[in-house]
């Protein structure tokens with residue numbers, strides 16, 4: 001891929017992106033209705049940010065079992081598909097493009113998020129020393145709560161998870177999304193399978209590197225077959241430690257393998273998230289260079305990017321697209337602000353997950 005500046009267009013599958021700036025996926029916990037479906041507030045929220053080159057939605061659980069946080073809108077029911085149709089219609093009306101991020105939280109979860117109080121699931125019965133946004137059934141309020149111990153998925157159930165991702169991808173197309181991003185990062189289910197410290201399975205999904213990465217690749221292969229590889233991206237988080245993860249002991253081997261195999265599948269992009277906001281800004285970083293060499297379709301970078309840092313990464317050829325997260329929360333017109341060199345508004349992290357209008361729809365756009 002040739003380097004381009006931040007505001008140059010980019011061809012991504014059948015889409016022409018007007019800039020290299022993507023809105024990163026960000027959990028906002030605003031689906032406070034019984035159907036756990038997108039709301040009119042969410043229609044407005046995404047529509048206001050449609051000048052992003054590409055919007056990647058908040059993580060969307062692919063099934064009730066996939067849920068890990070209260071009030072995150074799913075993509076497994078007719079009501080949810082209808083709610084997302086309103087969102088994608090508004091984004092498209094405003095001239096935007098949007099992918100759905102398909103999500104399974106695995107062990108980062110709590111039984112209160114399911115009608116039957118079913119415990120979380122994971123590759124193994126190893127509990128996370130972390131919290132999820134659980135639900136107090138007595139009050140209906142969400143609160144950060146210690147994750148419950150998971151039960152290990154059977155081999156047949158793992159195959160069922162693949163099917164859930166495929167169905168959610170089909171639902172996303174029906175809802176009007178331009179494509180989907182498979183969430184394979186940040187200590188959630190796919191990342192849990194990859195991790196040799198968490199995965200002690202003895203079947204085809206445990207043990208060797210190839211087995212531990214099998215779930216990533218089976219989901220990618222089957223989703224691409226279902227909706228077209230030009231509509232499918234995937235997110236990885238090398239070196240990530242979020243959600244009680246340990247860094248991969250052999251990152252060059254692991255992520256080199258994944259990058260090579262994902263390229264063989266022809267996915268339209270690979271989204272790398274650097275939780276530490278460090279190595280991804282170094283064009284000479286060995287792992288970044290390795291992945292860049294092995295995955296030759298579009299490479300999206302994320303992790304602490306400002307406009308200036310994004311320009312530098314593109315100029316160095318480190319990636320083709322740059323995803324920006326929190327600044328999009330407090331600056332719905334972020335692309336215009338970056339283009340004009342306008343000062344950015346600060347965000348209020350206390351309102352990220354609280355629900356309601358505050359911290360969601362009350363950030364103003366810039367006016368001269």
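The values are calculated or read from the model by the stated rules, or taken from the named source; none is laboratory data. A quick note: this is a predicted structure, and the numbers were derived from the prediction, not measured. Here Cβ is always computed from backbone atoms with ideal geometry, including for glycine, and neighbour counts include all displayed protein chains.
Among the numbered criteria (1) assigned to a strand (DSSP E or B); (2) in contact (Cβ under 8 Å) with a residue 60 or more places away in the chain; (3) out of contact with any helix residue (DSSP H, G or I) (no Cβ under 6 Å at 6 or more places or on another chain), which single criterion is violated by residue 16? Unmet for residue 16, out of (1) assigned to a strand (DSSP E or B); (2) in contact (Cβ under 8 Å) with a residue 60 or more places away in the chain; (3) out of contact with any helix residue (DSSP H, G or I) (no Cβ under 6 Å at 6 or more places or on another chain): (2). Return yes when residue 143 is within 23 Å of the chain's Cα centre (by Cα), farther than 30 Å from residue 16 by Cα and without any contact (Cβ under 8 Å) to a residue 12 or more places away in the chain and no when it is not. Considered against the rule, which asks whether it is within 23 Å of the chain's Cα centre (by Cα), farther than 30 Å from residue 16 by Cα and without any contact (Cβ under 8 Å) to a residue 12 or more places away in the chain, residue 143 comes out as yes. For first residues located in region 190-201 and without any contact (Cβ under 8 Å) to a residue 12 or more places away in the chain, partners that are surrounded by fewer than 24 Cβ atoms within 10 Å (Cβ to Cβ) and in a helix (DSSP H, G or I) and lie 6+ apart or on another chain with Cβ distances below 9 Å do not occur. Of the residues examined, residue 154 is not one that is at pLDDT 95 or above and in contact with a strand residue (DSSP E or B) (Cβ under 6 Å, 6 or more places away or on another chain).
Looking across region 28-42, the residues that are within 27 Å of residue 18 (Cα to Cα) and surrounded by 20 or more Cβ atoms within 10 Å (Cβ to Cβ) come down to 28, 38, 42. When each of 270, 299, 314, 236 is tested for being farther than 22 Å from residue 102 by Cβ and at pLDDT 95 or above, the lone residue that passes is 314. Checking region 286-296 against the condition returns no match, with no residue being modelled with pLDDT of 95 or more, under 22 Å from the mean Cα position of the chain (by Cα), surrounded by 15 or more Cβ atoms within 10 Å (Cβ to Cβ) and closer than 21 Å to residue 27 by Cα.
The residues of region 191-208 that are more than 22 Å from residue 233 (Cβ to Cβ) and crowded, with 16+ Cβ neighbours inside 10 Å, listed by number, are 196, 198, 199, 201, 205, 206.
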